[in-house]
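**Q** Structure below; questions to follow.
Nothing in this text is a laboratory measurement; each read-out follows from the coordinates by a stated rule. Computed from a predicted model, the values in this text were never measured in an experiment. In this analysis, Cβ positions are derived from the backbone assuming ideal geometry, glycine residues included, and neighbour counts consider all displayed protein chains.
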Amino acid sequence: MNILVTGGAGYIGSHTIISLIDNGFSVIVIDDFCSGHIEAINAVSKYENNKIKVYNGDFSDVDLLEGIIKKYKINGVIHFAAHSLVGESMDDPLKYYKNNVAKTILLLEFLKKSGINYFVFSSSAAVYGIPDKTPIDEMSPLNPINVYGSTKLVVENMLGSTDRAYGFKYISLRYFNAAGAHKTGFIGEDHNPETHLIPKVLKSVAIGESKAVVFGNDYPTGDGTAIRDYIHVDDLSYAHVLSLKYLIENEKSKSAVFNLGCEKGYSVLNILRKIEEITGKKLKIEFAGRREGDPAILVASYKKIKEELGFEFKYNIDDIISSAWNWHSNHLNGYIKV
Ligand code: UFG
């Protein structure tokens with residue numbers, strides 16, 4: 001079966017391609033490389049014996065999409081391509097609505113016209129905003145507090161409507177904090193700028209600075225720092241494959257929305273201590289004010305995906321940090337060789 005992956009050169013996209021191929025799917029990637037890395041695709045291609053077809057372009061370009069479906073029968077789509085910086089989304093909302101929402105409408109129109117009916121969507125815990133209880137289940141109120149989260153929610157609502165109207169089957173996966181790197185160590189996380197806690201601090205350790213800044217130590221949590229639910233990128237990737245299989249292989253499959261977190265919370269200081277333990281380096285820790293828009297605690301209930309798709313986690317927080325350390329300590333400049 002052929003799966004079209006938009007944004008396949010990105011962090012989660014590139015890990016998911018490996019999972020797809022390892023589970024017997026063929027993969028066609030569209031990526032405009034605005035934030036994805038051709039080196040990630042090359043590395044995955046090498047590992048998977050050149051089984052990936054790559055198109056450099058825009059996922060909403062109908063001519064490009066027509067060309068692809070003339071060549072390959074597409075059985076399903078995983079849609080990763082999106083802008084995903086929370087701060088930038090507040091400064092330039094139209095950029096986010098255009099790319100994440102308007103272009104996704106064009107993609108969905110094309111899929112509907114072409115009879116491609118199975119869709120897995122890369123959503124986010126950002127759709128919940130500041131939750132009123134923890135762990136957060138999928139019925140919790142949806143009140144995004146940033147534009148990035150709003151764009152993800154608009155697409156989720158759109159998917160709900162297309163299912164009701166045209167029977168379009170989708171699964172929306174609400175990621176909590178994706179982290180870690182592939183076990184082989186040849187693909188990993190490389191954002192520019194890097195804002196996420198684990199890769200930011202590990203990069204600093206790798207270049208010999210070993211600095212960490214904690215945003216906020218006056219949260220209502222045990223140690224005063226914010227609590228997050230970290231999920232290994234390989235577990236996250238496998239959840240996409242499981243979702244597609246469920247949609248394609250069950251005649252009676254129903255569209256669904258699932259959280260992807262591990263139901264385990266770690267504070268910023270817990271993570272910094274784990275980083276010290278795993279890298280063997282003492283961190284120079286500074287405390288700064290809270291980062292705007294950061295909820296105190298984001299921990300997922302993953303009961304629904306466990307019960308409905310039989311999803312189980314393979315990796316824990318130590319695996320997450322050690323695989324990320326393996327990647328960063330061997331790729332000081334990410335995909336750009338030094
Ligand atoms: N943090 C620090 N220092 C840093 C970087 C982060 O203290 O140098 C803190 C943050 O303030 C936050 C925690 O570490 O409390 C985790 O921050 P990340 O940036 O790693 O991740 P977020 O929780 O902000 O982001 C995640 C997803 C986003 C999603 C967001 C929703 O990665 O896609 O949750 O709140 F939008």
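**Q** For V29, list long-range residues whose amide hydrogen, built 1.01 Å from N in the peptide plane, is under 5 Å from its own amide hydrogen.
**A** Here V5, K53, V54, Y55 satisfy the definition.
**Q** Kindly flag which residue pairs out of K254/K303; K152/K306; K254/K306; K51/K254; K95/K152; K71/K113 have an alpha-carbon separation exceeding 19 Å in this structure. Intermediate values should be presented prior to the final figure.
**A** Details: K254/K303 17 Å; K152/K306 23 Å; K254/K306 16 Å; K51/K254 30 Å; K95/K152 14 Å; K71/K113 17 Å.
Pairs exceeding 19 Å: K152/K306; K51/K254.
**Q** Between H191 and I130, what FRET efficiency comes out of the Förster formula 1/(1 + (r/R0)^6) with R0 = 30 Å and r the beta carbon distance, rounded to 0.05? Spell out each step's value before the answer.
**A** On the way: r = 24 Å, r/R0 = 0.81.
About 0.80, to the nearest 0.05.
**Q** While we're here: Output wanted: per-residue J couplings in Hz (rounded whole) for region 157-164, from phi through Karplus 6.51 cos²θ - 1.76 cosθ + 1.60, θ = phi - 60°, x for Gly and Pro.
**A** These are the phi-based 3J(HN,Hα) values: 5, 4, 5, x, 5, 5, 5, 4 Hz.
**Q** Once the other residues with Cβ under 13 Å from the Cβ of A40 are scored (Lys, Arg +1; Asp, Glu -1), what is the net sum?
**A** Values: positive: K46; negative: D31, E39, E48, E189, D190.
Cβ neighbours under 13 Å give a net charge of -4.
**Q** For region 113-271, take the convex hull of the Cα atoms, compute a quarter of its surface area, and give me that in nm², please.
**A** Numbers: hull surface 47.4 nm².
Here the figure is 11.9 nm², rounded to one decimal.
**Q** Considering only the other residues whose Cβ falls under 11 Å of the Cβ of K303, what net charge follows from Lys and Arg at +1 and Asp and Glu at -1? It would help to have the intermediate numbers written out before the result.
**A** On the way: positive: K304, K306; negative: D137, E138, E263, E307, E308.
That works out to -3.
**Q** Quick check on the chain: helices-only [θ] at 222 nm, where DSSP H runs of length 4 and up contribute -39,500 (n - 2.57) each and the sum goes over total residues. Nearest 500, please. Walk me through the numbers on the way to the answer.
**A** On the way: 12 runs with 134 residues, N = 338.
Calculated mean residue ellipticity at 222 nm is -12000 deg cm²/dmol.
**Q** What shape does region 202-338 have by the C-alpha gyration tensor, where a ≥ b ≥ c are the square roots of the eigenvalues, rounded means a/c under 1.5, and otherwise prolate means a/b greater than b/c and oblate the rest?
**A** Details: a/c = 2.67, a/b = 1.55, b/c = 1.72.
Because a/c hits 1.5 or more and a/b fails to exceed b/c, region 202-338 counts as oblate.
**Q** With θ set to phi - 60°, apply the Karplus curve 6.51 cos²θ - 1.76 cosθ + 1.60 along region 108-115 and write out the HN-Hα couplings as whole Hz, x wherever there is a Gly or Pro.
**A** 5, 4, 4, 5, 4, 4, 8, x
**Q** Right, here's the next one. Return a whole-number percent for the relative contact order of region 1-154, with Cα pairs under 8 Å and 6 or more residues apart as the contact set. The partial results should precede the final answer.
**A** Values: 237 pairs, mean separation 34.8, N = 154.
Rounded, it is 23 percent for region 1-154.
**Q** Okay, moving on. Could you tell me how far the Cα centroid of region 186-239 sits from the Cα centroid of region 264-338, in Å?
**A** Taking the Cα centre of region 186-239 as reference, the centre of region 264-338 is 5 Å away.
**Q** Rank by packing, highest mean first: peptides 169-176, 265-272, with packing defined as the count of other Cβ atoms within 10 Å averaged across residues.
**A** Working: 169-176: 24.0, 265-272: 21.2.
Averaged packing, sorted descending, gives the order 169-176, 265-272.
**Q** Separate question: What list of whole percents do you get for P(r) of region 277-338, with Cα-Cα distances grouped in 5 Å bins up to the one holding the largest distance?
**A** That works out to 4, 11, 11, 13, 17, 21, 13, 8, 3, 0, in percent per bin.
**Q** As I understand it, the value is the acute angle between the Cα axis of helix 62-71 and the longest principal axis of the Cα atoms of the chain; what does it come to in degrees, rounded to 10?
**A** Helix 62-71 sits at roughly 70 degrees to that axis.
**Q** Let me check I've understood the local charge: for S114, count other residues with C-beta under 15 angstrom from its C-beta, Lys and Arg +1, Asp and Glu -1. What total comes out? Walk me through the numbers on the way to the answer.
**A** Details: positive: K70, K71, K73, K112, K113, K169; negative: D61, D63, E66, E109.
Local net charge: +2.
**Q** What ³J(HN,Hα) values, in whole Hz, does the Karplus curve 6.51 cos²θ - 1.76 cosθ + 1.60 give for region 311-321 when θ = phi - 60°, with x put for Gly and Pro?
**A** Karplus values, whole Hz, x for Gly and Pro: 6, 9, 7, 9, 10, 10, 5, 5, 5, 4, 6.
**Q** Please list 301-307, 192-198 highest first by mean number of surrounding beta-carbon atoms within 10 Å per residue. Don't skip to the end; give the middle numbers.
**A** Numbers: 301-307: 17.6, 192-198: 15.6.
Ranking, from highest mean packing down: 301-307, 192-198.
**Q** Label region 86-176 by shape, choosing from rounded, prolate and oblate, from the square roots a ≥ b ≥ c of the eigenvalues of the Cα gyration tensor; if a/c is under 1.5 it is rounded, and otherwise prolate applies when a/b is larger than b/c, oblate when it is not.
**A** On the way: a/c = 2.69, a/b = 1.35, b/c = 1.99.
Because a/c hits 1.5 or more and a/b fails to exceed b/c, region 86-176 counts as oblate.
**Q** Right, next: What's the ranking of 309-317, 281-289, 144-152 by average number of surrounding C-beta atoms within 10 Å, highest first? Don't skip to the answer; put the middle values down first.
**A** Details: 309-317: 15.1, 281-289: 12.6, 144-152: 22.8.
My ranking of the peptides, most packed first, is 144-152, 309-317, 281-289.
**Q** Using the basic label-point model (7 angstrom from Cα toward the beta carbon), what is the K314 to D223 distance in nanometres?
**A** Inter-label distance under the simple model: 2.9 nm.
**Q** Sticking with this one: When the Debye formula is applied to the Cα atoms of region 1-151, each taken as the same point scatterer, what base-10 log of I(q)/I(0) results at q = 0.13, 0.17 Å⁻¹?
**A** Cα-only, vacuum Debye calculation for region 1-151: -0.63, -1.00.
**Q** Report, to the nearest 10°, how far helix 268-279 tilts away from the longest principal axis of the Cα atoms in the chain, using its own Cα long axis and a range of 0 to 90°.
**A** Roughly 90 degrees between the two axes.
**Q** How large is Rg over Rh for the chain, taking Rg from the Cα atoms and Rh as the Kirkwood inverse mean of 1/r across Cα pairs? Walk me through the numbers before you get to the answer.
**A** Working: Rg = 19.3 Å, Rh = 20.3 Å.
Ratio of gyration radius to Kirkwood radius: 0.95.
**Q** Related question: Taking every pair of alpha-carbon atoms in region 17-104, give the share separated by more than 19 Å as a whole percent. Don't skip to the answer; put the middle values down first.
**A** Values: 1809 of 3828 pairs.
That fraction is 47 percent.
**Q** Pull up all non-local amide H partners of F168: gap of 5 or more, or a different chain, and H-to-H distance under 5 Å with H placed in the peptide plane.
**A** Amide H neighbours of F168: D163.
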